[in-house]
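The values are calculated or read from the model by the stated rules, or taken from the named source; none is laboratory data. Because the structure is predicted, anything quoted here is derived from the model rather than measured. Heads up, the Cβs are rebuilt from the backbone with ideal geometry, glycines too, and the neighbour counts pull from every protein chain shown. Protein only, heavy atoms only, side chains kept; ligands, DNA and RNA dropped before computing areas. Shrake-Rupley method; radii C 1.70, N 1.55, O 1.52, S 1.80 Å.
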Amino acid sequence: MTEQNTENSSNLLTRQKTMAALITTVILILFLAAIAYVATADRIGRNYLVPEINQLLVETLTIQLNRQPLDLMAVKALLDSFAHHHQVDSIRLTQDSSQLVMQVPVDRTISPEPPQNSVYQQRLSTINGDFEIRIINGVFLPGYYLADTISTSLIVAALSALLIFAMYVLIRRWQQQPYTDLRDQIKTAQQHDHDPTTPFQCQDPDLQPLVNSLNDLHWHLHRRHADLERAHKQAESARHRATTLARDSARINSDLEHEITVRSAMERQLAQTKALMDAIINAMPSALFALDQQGRLLLCNRQAEIWLGKRRQELAGFLLNELIPELAPLLKRARQRLTSGDDLDTPILQRRLSLDSLEAGLVTDSLVYALDQQQAAVAVVRIDDIRQRLQLEEMMVHSEKMLTVGGMAAGMAHEINNPLAAILQNLQNIKRRLGSGLKANHEAATKLSLDLRAVEEYLEEREVFKLMEHMREAGERAAAIIATMLNFSRRNHEHKEKTPVSQLVNNALTVARNDLGLHHIDISTASLEHLPDVSCIPGEIEQVLVNLIKNAQQSLAQPATAEANWQPTIRLNAWREGDFLCISVEDNGSGVDADQIGRIFEPFFTTKEVGTGTGLGLSVSYFIVTTHHQGDMYYRPADPHGACFVIKLPL
C-alpha cells in the first residue's frame, strides 16, 4: 500500500504537489494555533481566574459568616452560586476542623486525593466561630469552550483553503501565459517553413534557457535537412552510376556463376566418387595396401587398420615387410618384376599364407598388383582372409561324405526291405495254414489223417503261435525303422509340407534309439497331439532333432553330479509361442560352460576329444533352422543343471 501511495504521489504534477503541500502547511498551522489557544486559555484559567474566584468566595463567605444570627440558607445559596462556575468542582465548609457544616454540590463525590494544585484551603475566624473552607477547582476546560474552538478553527481552515485555491488558480494562469505564447510560436513554425534566422522569443527569464535550446535545435534541424537534401542528390547520382555498374557486374557474375556451378558440380562429382571409392574399399573384407617404389606404405583401408591396430595416418611411411614380416618374399618377387618391367599385368599370388603377425591362426591369399609407375603408388597388396572359405570347403567335403553315407544307407535299407517283406508275408502264410479257419487246411489234414485241432493245441501248448507273433512284431518294427531311415536319408528339401509335431519327434526318436543306443537313458516326451501342424521339410527337422539327441546322449556319458540316484534323462517338449512352434531337447547333464556358449553354433567348434566329434552338428542344425525354415535356434541352461536347445519354427 505504501509503494502504491508513493507511485501515485510521484505521478502528480509539480503544481499539484505545491498546492497539496501549501494546504497541508496551512492546516498544520491552524491546528498548532488551536492547540496554543487552548493551552493559553487553560493556563490563564489556572494561574489567574482560579485564585481570583477562590479569593472572592472566601471574602464573600467571611462577610456572610460574621452576620448575626448566622443564616445557613444564605450561606448555602452563596456556595451554590459559586459551585456553578466551571472551575469550581466542590466546596466543603467545616467548623472546628471536624464538624461538617455543608458541602456543595451534595451528590458529587470528592476524590480523596485530588491533585495538589487543584485544592484550596483556608481557615476563617468569625464572630460565630472558626470555620475551614476547602475548595476543589476544575483542572479541565469546559466542553463548550473546546467545541467552539474546534468549530472556529474549521471555519478558518475552510476559508484559508478557498483563498489558497484562488491564489493557486491566479498564479497558475500567470505561469501558463509564457508557455502558451511559446506554444503558439511553435505551432506557427510547424505550419509554415520557419526561417531559422528568426528565433523564438519569450519575455520570461525563467523560460529563456528553454527558448534558446529550441532555437539551437531548430537551427540544427534546418541544417540537417539541408545536408540530407544535398546527400539525397549525391545518392541519386551515385545510384545511377551504381545501376550501370550493377548491370555490368550482373553480366560478369552470371559468367562467373556459370563457371563456378560447373566447377562445383565437378568437385562434388569428384568428392562423391572419392567417397564412394573409399566406402567400397573400406567395406571390402580384404586388407589393401598402396606402396611406393621403396615399399613404404602410402595408403590402406579399414580392414588393414583393424589387423595392424593403428590408424592409416600413423601407418604412413612404414615399410610393409617390417609391419608384416611374412610378406617379405612376396614383396621381393614383386620388386624384381617391377624392376624388370616384365608381365606387369599379371598379379603375383601366394595362396594359404599364414600371417600370425597380424592375428593368430590367420590364413590368407596374398596378391600384389602393379600400378602405373608415373604416380606415387607403384603397387597394391591385397590380403584375403580365407579361413571361412577353408571351413566351408571342409563342410562341403563332410557334407558329400554324409550324402554318400546316406545313399549307402538308403541302398542297404532297400536291400533289407525286400527279404524282410518276404519273411513277414511267409510268416503270415504259415500262421494262416496252421489255423483251422481255412478249408484247404482241413482237406490236407484229412488226407494225412491228422487231427487239426490237436495240432493247434500242440502249437498253443508249445507257444509256437506266441513265438510267431513276436517274430511278426520284430519284423514290423524293423520295417518301420527301415522306412524311417529311407525318409531320413531322402533329399526332400525342395518343398515344405504340413507335418504333425508328434510325427517329427517320434521319427527322430526311432532313428536315435536304433543308431545311438539310448537304452540306459530315460527319454520322456510331453503330450504333442494338441499342437498344430508345422510347415517344414520333415527330413531336415528330424535330422536337427537327431543331432540334438545325439549331443544330449554324449553329454550324459559321464554323471553330471555326485548324487547316487542320478539317472540320465532326455526330455522332449513342444509348445506354441505366438506365430511360432517351439521344440526343446533338454538333458540333465553337465551343460555348456559360460565362456563357450557364444561359440557353440560356429562351424568346427567342439568340446569333445579329437576324433569324437567334427564340430558340424550344431552349426548344420542352426543353418537348417534359420536359413531353410526362417526360424531361430538358441541355447539356455536347464534347471537345475544340464543343457536345453530350443527350435522355433514359423507356423
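Calculated translational diffusion coefficient of the range 201-357 (37 °C, 0.692 mPa s; Stokes-Einstein with Kirkwood radius over alpha-carbon pairs) equals 137 µm²/s. The charge dipole of the chain, taken about the Cα centre with unit charges on the Cβ atoms of Lys, Arg (+1) and Asp, Glu (-1), comes to about 1160 debye, rounded to the nearest 20. Ranking Leu392, Trp219, Gln121 by Cα position along the charge dipole of the chain, where only Lys, Arg, Asp and Glu carry charges on their C-beta atoms, puts Trp219 farthest toward the positive end. What residue among Ala444, Ala235, Leu349 has its Cα farthest toward the positive end of the dipole of the chain, where the charges are +1 on Lys, Arg and -1 on Asp, Glu, each on the Cβ? Value computed over the given set: Ala235. The C-alpha atoms of the range 314-369 occupy a region whose extents along the principal axes are 35, 27, 15 Å, arranged from largest to smallest. Using a probe of 1.4 angstrom and keeping all protein chains present, the accessible surface of the chain works out to 65 square angstrom per residue.
Loop sites here are GluC sites (Glu not before Pro) outside DSSP states H, G, I, E and B with no more than 10 other Cβ atoms within 10 Å. The longest part of the chain free of them is 1-493. In plain terms, the chain from Val26 to Arg247 could stretch by 71.4 nm, reckoned as 0.36 nm per residue minus the Cα-Cα distance. All C-alpha pair distances within the chain, sorted into 10 Å bins from zero, spread as 2, 8, 8, 7, 7, 7, 5, 4, 4, 5, 6, 7, 7, 6, 6, 4, 3, 1, 1, 0, 0 percent across the bins. Looking at the square roots a ≥ b ≥ c of the eigenvalues of the Cα gyration tensor of the range 159-274, which shape do they give, rounded for a/c under 1.5, prolate if a/b is larger than b/c, or oblate? Judged from the Cα gyration tensor, the range 159-274 comes out prolate (a/c at least 1.5, a/b above b/c). Computed over protein heavy atoms with a 1.4 angstrom probe, the accessible surface ordering of Leu448, Leu72, largest first, is Leu448, Leu72. Where a ≥ b ≥ c are the square roots of the eigenvalues of the C-alpha gyration tensor, would you call the range 115-184 rounded, which needs a/c under 1.5, or, failing that, prolate if a/b is larger than b/c, or oblate? In terms of gyration-tensor shape, prolate. Residues in the range 145-153 carry Karplus couplings, in order, of 5, 5, 5, 4, 4, 5, 4, 4, 5 Hz; the curve used is 6.51 cos²θ - 1.76 cosθ + 1.60 with θ = phi - 60°, and Gly or Pro positions show x. Checking the cross-link pairs Lys274/Lys332; Lys466/Lys550; Lys496/Lys648 against a 26 Å limit on the alpha carbon distance flags Lys274/Lys332; Lys466/Lys550 as lying beyond it.
With all protein chains in place and a 1.4 Å probe, the accessible surface of the chain carries 56 percent carbon and sulfur.
By a 1.4 Å probe calculation restricted to protein chains, Ser527 has an accessible surface near 80 Å², given to the nearest 10.
In order along the range 297-302, phi translates into HN-Hα couplings of 7, 9, 8, 8, 9, 5 Hz, rounded to whole numbers, per the Karplus curve 6.51 cos²θ - 1.76 cosθ + 1.60 with θ = phi - 60° and x for Gly and Pro.
Along the axis of the charge dipole computed for the range 17-171 (Cβ charges of +1 for Lys and Arg, -1 for Asp and Glu, origin at the Cα centre), the listed residues Ile136, Val75, Val104 are led at the positive end by Ile136. So for the range 518-591, considering every pair of alpha-carbon atoms, how many percent are separated by more than 16 Å? For the range 518-591, the share of Cα pairs beyond 16 Å comes to 56 percent. Measuring only protein heavy atoms, the 1.4 Å probe finds Ser254 accessible over about 60 Å².
Of the residues Tyr145, Tyr48, ranked by 1.4 Å probe accessible area with the largest first, the sequence reads Tyr48, Tyr145.
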